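Data first, discussion second: the structure below is written as structure tokens.
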Amino acid sequence: MDNGIISEILELKDEKDAVILAHSYQPPEIQDIADHVGDSLQLSRTAASTRSSVIVFCGVRFMAETAHILSPEKTVLLPEPEAGCPLADCIEVPALRSMQDVYPDALTVLYVNSPADVKAESYACCTSANALEVVESVPSDEIIFAPDRNLGTFVSRKSDKTIHIWNGACRCHATADIQNIRAVMEEWSDAELLVHPETPPEVWELAHAVLGTGGMIKHVAESSSQRFIIGTEEGMAYRLKTLYPDREFRTGGNIYCVNMKKITLQKILDSLKKLEPAIELDTEIREKAYAAVARMTEITG
Ligand code: SF4
């Protein structure tokens, strides 16, 4: 690891009154220098509560947008502007409006992995951890759930509501390599398999638990198992190893998000030097998107 660049980042961070937030899917060297590591919503809440005026968001665009939605008075930097999310990009406002026209009585529940302008068109946002709770709580028995079809299917199997599911997916999770998972399970037959609900249903059937990243952290804390196979983006195994050095973790499914790996130490340094690229959103979109995020918070606390 380049200690010179790390020292420069840490000095500049203080000078610019910045805080560095990293998603659990970020590479190890980014997680190691971050002030906070977590899931997208946790990090956005941290961004809103921090006293720092500058947020360096090491993740993908929709996450940095959500941080900006929750704390518009702060400068939110996304060190690599091309760090997008194919799942978020698979839904656009005109197409969602067309679906809403087909189901006029349905309320739209939108996974936070979505663009700000689409959030602005939805009734409430949700995360992978609280999707079922949000769906159950919104005042309609008919729901449009977007954009992840696997998470939508996961929720619909547990809910009695009528759920119209958008046909989008996270390319990395949706193409999880089941043969690889089976092979790792054979080698580590005593391990628990924890998988993300963005993986397909046939993966859930193999798993001990289907959980978002925050749920995986909690599950490991409460489990008596020593070994875990992690069926989500590989950065999460590093996160868990850091939190629980006395347990053993392996990834299963070869789930790798190329967009999450676009942030580098050099890009963080450059971003801090110039205080750009910063997230900017149209005020009306930001305020409407805030209302959808706030509804989720009202429901889930
Ligand atoms: S892992 Fe999937 S949902 Fe997450 S940022 Fe990458 S492409 Fe998007």
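The values are calculated or read from the model by the stated rules, or taken from the named source; none is laboratory data. If you're wondering where the values come from, they're calculated on a predicted model, not measured in any experiment. Using ideal geometry, Cβ is built from the backbone for each residue, glycine included, and neighbour counts are taken over all protein chains shown. Side chains included, ligands, DNA and RNA excluded: accessible areas come from the protein's heavy atoms. Shrake-Rupley method; radii C 1.70, N 1.55, O 1.52, S 1.80 Å.
Observations on the model:
- Only listed residue being at pLDDT below 95 and in a helix (DSSP H, G or I), chosen from 284, 298: 298
- Just one of the listed residues (116, 146, 129, 83) is small (Gly, Ala, Ser) and modelled with pLDDT under 95, and it is 129.
- Members of the range 212-234 that are among the acidic types (Asp, Glu) and part of a loop (DSSP other than H, G, I, E, B): 233, 234
- Each residue in the range 30-63 was checked for being open to solvent by less than 10 Å² (accessible area, probe 1.4 Å), over 16 Å from residue 262 (Cβ atoms) and either in the same structural domain as residue 128 (by TED's automatic domain parsing) or not in a strand (DSSP E or B) (or both), and 3 pass.
- As a summary of the residue check, residue 216 satisfies the conditions (1) in contact with a helix residue (DSSP H, G or I) (Cβ under 9 Å, 6 or more places away or on another chain); (2) modelled with pLDDT of 95 or more; (3) surrounded by fewer than 21 Cβ atoms within 10 Å (Cβ to Cβ) except for the one numbered (3).
- The condition of being surrounded by fewer than 23 Cβ atoms within 10 Å (Cβ to Cβ) and touching a Leu at 6+ places or on another chain (Cβ under 9 Å) holds for only one of 97, 171, 149, that being 171.
- Selected residue (criterion: nearest to the ligand (Cβ to nearest atom)) from residues of the range 44-75 that are touching a residue at least 12 places away in the same chain (Cβ under 8 Å) and among the basic types (Lys, Arg): 61
- Test: residue in the range 76-88 that is within 12 Å of the ligand (Cβ to nearest atom), within 17 Å of the chain's Cα centre (by Cα) and surrounded by fewer than 21 Cβ atoms within 10 Å (Cβ to Cβ): yes
- Top-ranked residue in the range 231-247 [being in contact (Cβ under 8 Å) with a residue 24 or more places away in the chain and more than 13 Å from the ligand (Cβ to nearest atom); ranked as surrounded by the most Cβ atoms within 10 Å (Cβ to Cβ)]: 239
- In the range 248-265, the residues that are of a type in the set (Phe, Trp, Tyr) and away from the ligand (no atom under 12 Å from the Cβ): 249
- Residue within the range 169-183 that is closer than 25 Å to residue 107 by Cβ, at pLDDT 95 or above and part of a loop (DSSP other than H, G, I, E, B) present: yes
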